[in-house]
1. List the GluC sites (Glu not before Pro) within the stretch 7-97 that fall in a DSSP loop (any state other than H, G, I, E or B) and whose Cβ has at most 11 other Cβ atoms within 10 Å.
2. I need the trypsin sites (Lys or Arg not before Pro) found in the stretch 70-166, filtered to DSSP loop residues with at most 16 other beta carbons within 10 Å of theirs.
3. What does DSSP give for the stretch 8-166 in terms of the percent of beta bridges that are antiparallel, rounded to the nearest 5?
4. Within the set of other residues whose C-beta is less than 11 Å from the C-beta of Pro64, count the net charge using Lys and Arg as +1 and Asp and Glu as -1.
5. Count neighbours as other Cβ atoms within 10 Å of each site's Cβ, and list the chymotrypsin sites (Phe, Trp or Tyr not before Pro) in the stretch 64-110 that are DSSP loop with at most 16 such neighbours.
Amino acid sequence: MIHINKKYVYILPNNKTLFIRSEAIEKMLKYRQNKLRSLEAGGILIGRILIENGHYIIDDVSEPMPTDKRSRYRFSRKPEGHQEYFNTIWERENGCCFYLGEWHTHPEYVPTPSSVDRKDWNRLVRLKFENDILFFVIVGIKEIKVWYGDLNEREIIELKRRDFVG
């Protein structure tokens, strides 16, 4: 079961850390597909890369926009609305935030990426961004799974959550 009060911390292959703030988790969980008529939802991940140690923090996420295409088993994010949301955060944070990847939901207890997800992620890791790493989050009914996309190596790896109390 997904618990908001748990820490969402992941260790990357380069030994850096990804931390997802509870506010971002709460926003994504609003769209969990735990009902038969629930549609897939998604958006972008917005966060920071800490200068002192290179660790990543996902502070916020965009929510589904009216232009997005949503069905029970498919989500297609359109740029309209998500870019404007990012621009608002960018201005509020004086440019101290980055696009860190994508998130969406799946109507399964433990989410696994579809072939469409993998194809889209492989396309994204071949593009140029401000940073060399992107994250891909899938929110399932009982679990949240996270993947790490290395733009230099063009590889995608599932991350394991680090469990600790605190």
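Just so it is clear, none of the values below were taken in a lab; they were calculated from the coordinates. Given the structure is predicted, the values throughout are model-derived calculations rather than measurements. Glycine gets a Cβ as well: all are built from the backbone with ideal geometry, and neighbour counts include every protein chain shown.
1. Sparse-neighbourhood loop GluC sites (Glu not before Pro): Glu52, Glu80.
2. Arg72, Arg126, Lys128, Lys142, Arg154, Lys160, Arg162
3. About 80 percent, rounded to the nearest 5.
4. Local charge sum for Pro64: +3.
5. Loop-located and lightly packed - Tyr73, Tyr109.
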